[in-house]
Structure formats: C-alpha cells, structure tokens
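Q: If you scroll down you'll find the structure; I have some questions about it.
The values are calculated or read from the model by the stated rules, or taken from the named source; none is laboratory data. In this text, all values refer to a predicted model and were calculated from it rather than measured experimentally. Cβ placement follows ideal geometry from the backbone for every residue including glycine, while neighbour counts extend to all protein chains displayed. Please note that ligands, DNA and RNA were not included when accessible areas were found on the heavy atoms of the full protein model with its side chains. Shrake-Rupley method; radii C 1.70, N 1.55, O 1.52, S 1.80 Å.
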Amino acid sequence: MDKQAFESILHKDILQRDDLITLLGAKGDNLKQLLDHALAVKLEHLDNNIHLRGLVEYSNTCRKNCKYCGLRVQNTKVVRYTVPDDEVLQCARIALEQGYGSMALQSGERTDREFVDGVERVVKAIKQLSGGKLGITLSCGEQSEETYRRWFEAGAHRYLLRIESSTRELYYTIHPHTPEHSFERRLECIDTLLRLGYQTGTGVMVGLPAQTLGHLADDLLFFRSKDVAMVGLGPFIPHPDTPLWELRDQIPSKEERIELTTKMIAALRIMMPEINMVSATANQLLDPQGRERAVLAGANVIMPNLTPNRYREEYLIYPDKANVGDRPEEAYRNLEARMNAINHSILYNEWGDSVAFTKRKQHTKGE
Ligand code: 5AD
Ligand code: SF4
C-alpha cells in the first residue's frame, strides 16, 4: 500500500476491523511503518520501561484437555507436580533479591479444594514474606467467583486468562466441544475477574490452524471491548503429544507466526497505548531475538522464569519450553544487558501496574 495511505490508517482515532486487517497484513515498508509507530506510541505513553514478573510454574496438573497443550489431562507422558510452598517462597526470595517487583504463578486448571486452598495459602505467604512488596499475578484457569474472590482477598491483584480465540467457532476447533471447555464460561470468567477488581489480562495464540487475519482483528476488537488491563499474545507451537500436531502442516511458518505475533502486538499498542503487554516466552523459542522483537513492537513486560530447574521439563505446554530463557541465576544480568541494547530499561522494585488500569481506577473513584 502507498506509504501515505498506510500512515493515515495508523493515525485514525478509532481503528475499525478493516483497518486492523490492513495493519496485520502489512509487508515491507508498511510493516516498518507499523512497528515504528507502535514503538513511538509506547515510548510516548509508557516510556522505555520494562516491568518484570518472576514466573513460577506452580503446578502442571490440569483437568482440561485443550487440543494444543502438552499439559492436557490425556497426555499421560507428563509427570504431574505441584511446587511445595517452601520452594515457591524460595522463588519469592529470589524475586525480591533481584528487585523483580512482582511474581506470577501459573498452573494448569484444578478446582478441587486442596488446590484452591493451596493457592490461597501460598499467595498469603508470599505477601507476608515480602511485606507486601511483591505484586502477584495468578494464571490458574477458570474458577468460581468465590475462588477468584478468595484469591483476590489473599493478595493476588492481577489475573491472566487467555480467551485463546475470541471467535466461538475457532475456539471449538482447538478445544473439545464439552461443558468443561465452554466458550461462554470462559467469557463469564473474564467478566467476573474484571468485576472483582483484578487487573485482568487475556490473550490469544497466533498462527492457529484455519485462523485468518479477520479472526485476529476480531481478537483485537475483543480486547478493546473488554477494556482489559493486560494482554499476552504468543505464537502457536504444535506439540507432538496433542491432537493439533496432526495439523502442523496447515499453519504458517515459524517466521510468519512470529511476525504476525509482532504485528498483533504493534496494532494493539496503537489501539490501547497504556495496557501492559507481555513478551511471551513462545516468541523466544521461535527466534532468539523474539523477546526483543516483541518489546520493540510494543510489549513492556517480561517474565523471567524462576521455576526450580527440576520441574521445568514437566511444564511443557509446547515442546522445548524448558530450554528457553535464562536460569534464574543468569536471568538478571542477561536481561539487563539485552534490554539496554535496544534502549529499554528495567524498572526494579515496583509492581509495574498497568497505567490503563490505574487511571481507570482513579476515574471510577472520582479522583
Ligand atoms: N503453543 C503456544 N501456546 C500455547 N499455550 C498452550 N499450548 C500452547 C502451544 N502449543 C498457551 C495458551 C495458554 C497458555 C498457558 O499457554 O495460550 O493459555
Ligand atoms: Fe490445561 Fe491450560 Fe493446558 Fe488447557 S491450556 S490443557 S487448561 S494447562
């Protein structure tokens, strides 16, 4: 497309579906325009700050059977674990020492009492250990309103629940069509999290079989319509022990998936300048420069993995995940240098809340 015509789309007040499809299809000069503009928007609203969340892959037990995920209940090759409290607290100490400001606890989905109580207990313990210094993000799937409330009251203040695809039909091509995998229920959970006052994040996978630019544009519109505070986007990576492995020839190439993820991040940064956007680990797996590419397209959050090494091999949402990223002891130095090399700087010892969320809260309080 003509450079000027493309530029005028980038500067529209409100991007419509067709505009988004154009942005997501950008190539060559237009692609550079998109990325440059997204970076400029980010720097204007959020400066060049990067926030860190020390990630703990808390448990790989899961009652679900998502067709893309290595942790699905039918994958019997996985040795299931839950990290004991004392080891999670050891991770919290590392996060504190390294000035990470926040922690993220991620797990498969369980709704039994032992699990729900366990998460509540460990959240409280992290709060106590850190004297409230560490912010806490949870990503533990669909739960009842009561559970979400309990975890919030225990001290978790952010929650990530990806919609995976905001198009119902596409959702059911990647999840079994059963009551446990209900699309409507997923939407309800996101609404509940928003209502309870969590800084709520969602996201999708990019490069799924049969996914079109139209689907992805609808995902972006979905994020805007929900006015979420955070988004996590990452490329789909086929896992050999899952049903979607069969369709691995029907998805875009690695480079195409990472480029498309980058464009999604850029378009979303332009649409929602103040949200927190994470540079997903999956980007790094497909391209050693993936993390930097996401940051330069508009991401402002990185989640260094603090999970004790012996659990990592069993948290294979997608293959080779355990070998991506740095070991806790190296993460600190490497990240700092890598971010400085692309003119970004890490903000230490702050929760790093989403500016979008903080402003909205002040607004609703009438301040
Ligand atoms: N490829 C990429 N991302 C995946 N996820 C799960 N399986 C895969 C995969 N094969 C993502 C989903 C989920 C999160 C835990 O990881 O988006 O929400
Ligand atoms: Fe379980 Fe989440 Fe994997 Fe689905 S994506 S199988 S809910 S861990």
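The rows are residues; the columns are (1) within 22 Å of Val56 (Cβ to Cβ); (2) in contact with a Ser or Thr (Cβ under 7 Å, 6 or more places away or on another chain); (3) charged (D, E, K, R).
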| site | (1), (2), (3) |
| --- | --- |
| Tyr148 | yes, yes, no |
| Arg168 | no, no, yes |
| Cys189 | yes, no, no |
| Leu194 | no, yes, no |
| Thr212 | no, no, no |
| Ile237 | yes, no, no |
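Condition check ((1) within 15 Å of ligand 1 (Cβ to nearest atom); (2) modelled with pLDDT under 95; (3) touching a His at 6+ places or on another chain (Cβ under 9 Å)) across all residues:
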site	(1), (2), (3)
Leu247	yes, no, no
Ala266	no, no, yes
Pro273	no, no, yes
Ala297	no, no, no
Leu316	yes, yes, yes
Ala322	yes, yes, no
Asn334	no, yes, no
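Q: Quick check: is even one residue across segment 54-72 away from ligand 2 (no atom under 16 Å from the Cβ) and either crowded, with 17+ Cβ neighbours inside 10 Å or farther than 30 Å from Pro209 by Cα (or both)?
A: So far as segment 54-72 goes, yes, one or more of its residues are away from ligand 2 (no atom under 16 Å from the Cβ) and either crowded, with 17+ Cβ neighbours inside 10 Å or farther than 30 Å from Pro209 by Cα (or both).
Q: Restricting the search to segment 229-244, which residues are more than 9 Å from ligand 1 (Cβ to nearest atom) and over 19 Å from the mean Cα position of the chain (by Cα)?
A: If the condition is that a residue be more than 9 Å from ligand 1 (Cβ to nearest atom) and over 19 Å from the mean Cα position of the chain (by Cα), then Pro240, Asp241, Pro243 are the ones that fit.
Q: Something else about it: Give segment 338-352 a look and list any residue that's open to solvent by less than 60 Å² (accessible area, probe 1.4 Å) and either closer than 19 Å to Asn305 by Cα or not β-branched (Val, Ile, Thr) (or both), or say none. Break it down into steps so the answer makes sense when it comes.
A: Initially, segment 338-352 is screened for residues open to solvent by less than 60 Å² (accessible area, probe 1.4 Å), giving 339, 342, 344-348, 352.
Result: Met339, His344, Ser345, Ile346, Leu347, Tyr348, Gly352.
Q: Hey, another quick one. Take Thr137 and decide whether it is assigned to a strand (DSSP E or B) and either of a type in the set (Val, Ile, Thr) or open to solvent by 50 Å² or more (accessible area, probe 1.4 Å) (or both). It would help to see each step written out before you state the result.
A: Working: assigned to a strand (DSSP E or B): yes; either of a type in the set (Val, Ile, Thr) or open to solvent by 50 Å² or more (accessible area, probe 1.4 Å) (or both): yes.
Against the criterion (assigned to a strand (DSSP E or B) and either of a type in the set (Val, Ile, Thr) or open to solvent by 50 Å² or more (accessible area, probe 1.4 Å) (or both)), Thr137 qualifies.
Q: Among the residues of segment 165-196 satisfying the criterion of being within 19 Å of Met272 (Cβ to Cβ) and not in a helix (DSSP H, G or I), which is least open to solvent (accessible area, probe 1.4 Å)?
A: Here the answer is Ser165.
Q: Any residue at all in segment 92-100 that's away from ligand 2 (no atom under 16 Å from the Cβ), assigned to a loop (DSSP other than H, G, I, E, B) and under 20 Å from the mean Cα position of the chain (by Cα)? Break it down into steps so the answer makes sense when it comes.
A: First pass over segment 92-100, keeping only residues away from ligand 2 (no atom under 16 Å from the Cβ): 92-100.
This time we only want the ones that are assigned to a loop (DSSP other than H, G, I, E, B), so: 98-100.
Within this subset, residues satisfying the condition of being under 20 Å from the mean Cα position of the chain (by Cα) are 100.
Checking segment 92-100: at least one residue is away from ligand 2 (no atom under 16 Å from the Cβ), assigned to a loop (DSSP other than H, G, I, E, B) and under 20 Å from the mean Cα position of the chain (by Cα).
Q: Kindly indicate which of Val116, Val122, Val88 is open to solvent by less than 20 Å² (accessible area, probe 1.4 Å), in contact with a Phe, Trp or Tyr (Cβ under 7 Å, 6 or more places away or on another chain) and more than 13 Å from ligand 2 (Cβ to nearest atom).
A: Within the list Val116, Val122, Val88, the selection yields Val88.
Q: What residue, of Ala299, Ala266, Ala294, is outside any helix (DSSP H, G or I) and open to solvent by less than 10 Å² (accessible area, probe 1.4 Å)?
A: Among Ala299, Ala266, Ala294, only Ala299 is outside any helix (DSSP H, G or I) and open to solvent by less than 10 Å² (accessible area, probe 1.4 Å).
Q: Using the structure shown, decide if Thr111 is open to solvent by 10 Å² or more (accessible area, probe 1.4 Å) and more than 16 Å from ligand 1 (Cβ to nearest atom).
A: Yes: the conditions hold for Thr111.
Q: Going by the conditions given, is Leu55 at pLDDT 95 or above and away from ligand 1 (no atom under 16 Å from the Cβ)?
A: Values: at pLDDT 95 or above: yes; away from ligand 1 (no atom under 16 Å from the Cβ): no.
In short, no.
Q: Tell me yes or no: at least one residue of segment 94-105 is surrounded by fewer than 17 Cβ atoms within 10 Å (Cβ to Cβ), acidic (Asp, Glu) and touching a residue at least 24 places away in the same chain (Cβ under 8 Å).
A: Filtering segment 94-105 for residues surrounded by fewer than 17 Cβ atoms within 10 Å (Cβ to Cβ) gives 97, 99.
From what is left, the residues that are acidic (Asp, Glu) are 97.
Now drop any that are not touching a residue at least 24 places away in the same chain (Cβ under 8 Å), which leaves none.
No, every residue in segment 94-105 fails to be surrounded by fewer than 17 Cβ atoms within 10 Å (Cβ to Cβ), acidic (Asp, Glu) and touching a residue at least 24 places away in the same chain (Cβ under 8 Å).
Q: Among (1) within 15 Å of ligand 2 (Cβ to nearest atom); (2) within 30 Å of Gly99 (Cβ to Cβ); (3) polar (S, T, N, Q), where does Asn49 come up short?
A: Every condition holds for Asn49 apart from (1).
Q: Among the residues of segment 29-51, how many are in contact (Cβ under 8 Å) with a residue 12 or more places away in the chain and assigned to a loop (DSSP other than H, G, I, E, B)? Even if it seems obvious, please write down each step before you answer.
A: Going residue by residue through segment 29-51, those that are in contact (Cβ under 8 Å) with a residue 12 or more places away in the chain are 29-31, 33-35, 37-39, 41-42, 44-46, 48-51.
From what is left, the residues that are assigned to a loop (DSSP other than H, G, I, E, B) are 48.
The number of residues fulfilling the criteria is 1.
Q: If you check Arg195, Arg186, which single one turns out to be without any contact (Cβ under 8 Å) to a residue 24 or more places away in the chain and on the phi < 0 side of the Ramachandran plot? Lay out the reasoning, then the answer.
A: Values: Arg186 fails: without any contact (Cβ under 8 Å) to a residue 24 or more places away in the chain.
Going through Arg195, Arg186 in turn, just one is without any contact (Cβ under 8 Å) to a residue 24 or more places away in the chain and on the phi < 0 side of the Ramachandran plot: Arg195.
Q: Take the residues in segment 197-224 that are assigned to a helix (DSSP H, G or I) and either open to solvent by less than 30 Å² (accessible area, probe 1.4 Å) or aromatic (Phe, Trp, Tyr) (or both), then tell me which one is farthest from Thr137 (Cα to Cα).
A: The residue in question is Gly214.
Q: In addition: Collect the residues in segment 58-105 that are within 14 Å of ligand 1 (Cβ to nearest atom), closer than 19 Å to Arg312 by Cβ and of a type outside the set (Lys, Arg), keeping them in residue-number order.
A: Result: Tyr58, Ser59, Asn60, Thr61, Cys62, Cys69, Gly70, Leu71, Asn75, Val78, Ala104, Leu105.
Q: Now for a different question. Residues that are assigned to a strand (DSSP E or B) and touching a residue at least 24 places away in the same chain (Cβ under 8 Å): does segment 109-129 have at least one?
A: So in segment 109-129, the residues assigned to a strand (DSSP E or B) come out as none.
No: zero hits.
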